[in-house]
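The values are calculated or read from the model by the stated rules, or taken from the named source; none is laboratory data. On a predicted model such as this, the values are computed, not experimentally measured, just so you know. Ideal geometry is used to build each Cβ from the backbone, glycine not excepted, and the neighbour counts take in all protein chains shown.
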Amino acid sequence: MRLMTSAVIFCLVAAGSAGGQSKGDDAAAHYNRGLELGKKGDLDGAIAEWRVALRLKPDYPEAHNNIGVALKGKGDIEGAIAEYREALRLKPDNSEAHNNLGDASKAKGDLDTALIEYREALRLKPDFPEAHSNLGNALGRKGDVEGAIAEFKEALRLRPDFPEGHNNLGNALSRKGDLDGALAEYREALRLKPNYPEAHYNLGTALGQKGDMDGAVTELRQAVRLKPDYLEAHYNLGYALGLKGDLDGAIAVYQAALRLKPGDPQATARLNQLLAKKAARDSKH
């Protein structure tokens, strides 16, 4: 299930007064510059600005939290965890940092810590839809599908226009065997966020499970178009094309998958099967 990304605290901090700037004012200016860079996707630049802010104002929990988010975005999970813990040392009632620490712990595979942190975020801020969704994801990973569904529904009660929440609820319903319910949630996620590759992938996979291969191919192609390095979408698109009898199309998709991940055993095995099937077909003509 897809989880909601960690929360950056996107709050501007008032800088300098007419009477001159203090170190705190300068720290706020660097903090805000980091926010602008982060919004543009410049994670390294944002981290650099937030670190300057921390040199000027070491007790700045929001800066530690946001550095953690940026580090996680760069794949440095341990670095992110250290920053979130420092943010919480400075401000224990920071619900966003608890949620983000849960997110990083889950990424590390530490589901027990993730559950503790998501629940603490919700104790501090019960109307936190992203934390409910993240808790639902963690519960789903622990095998508690009913608990996951309850959390996703609460997230959507709080924020009906939450595409990730609808996508996640769809995944939980699919795991429960309710494909019709899952399809409705994926479609709602895409109504809210049309360029959502994971929702297209999930909708395509569910349609394939329902036997609608034309619909499956359409959605899986959309997933690959929006996210060309989406390996799982390549796998399922190739499989659906193979079931439709489009051997050339399926072969091309698996070849693309192998360019993304050379030597992948799943794609290699399926490609070899399709090439053999194509050779047998062509030999009859």
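Of the residues that sit in segment 219-253 and are of a type in the set (D, E), assigned to a helix (DSSP H, G or I) and within 24 Å of A189 (Cβ to Cβ), which one is farthest from the chain's Cα centre (by Cα)? The residue in question is E219. Among the residues of segment 55-84, those that are crowded, with 20+ Cβ neighbours inside 10 Å and among the hydrophobic types (A, V, I, L, M, F, W, C) comprise A63, I67, V69, A70, L71, A80, I81.
Among the residues of segment 85-104, none qualifies, meaning not one is in a loop (DSSP other than H, G, I, E, B), at pLDDT 95 or above and either of a type in the set (S, T, Y) or farther than 25 Å from Y31 by Cα (or both).
Per-residue answers, yes or no, for (1) surrounded by fewer than 16 Cβ atoms within 10 Å (Cβ to Cβ); (2) under 21 Å from G204 (Cβ atoms); (3) out of contact with any His (no Cβ under 8 Å at 6 or more places or on another chain):
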| site | (1), (2), (3) |
| --- | --- |
| L241 | no, yes, yes |
| G245 | yes, yes, yes |
| I251 | no, yes, yes |
| Y254 | no, yes, no |
| A257 | no, yes, no |
| G263 | yes, no, yes |
| A280 | yes, no, yes |
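Considering segment 108-158, and only residues there that are outside any helix (DSSP H, G or I) and more than 23 Å from G181 (Cβ to Cβ), the residue that is nearest to the chain's Cα centre (by Cα) turns out to be G109. Can you tell me which residues in segment 240-266 are among the charged types (D, E, K, R) and under 16 Å from K278 (Cβ atoms)? Residues satisfying the conditions are K244, D246, D248. Every condition in (1) over 25 Å from D59 (Cα atoms); (2) in contact with a Gly (Cβ under 9 Å, 6 or more places away or on another chain); (3) buried (at least 16 other Cβ atoms within 10 Å of the Cβ); (4) not hydroxyl-bearing (S, T, Y) is met by E120 except one, and the failing one is (1).
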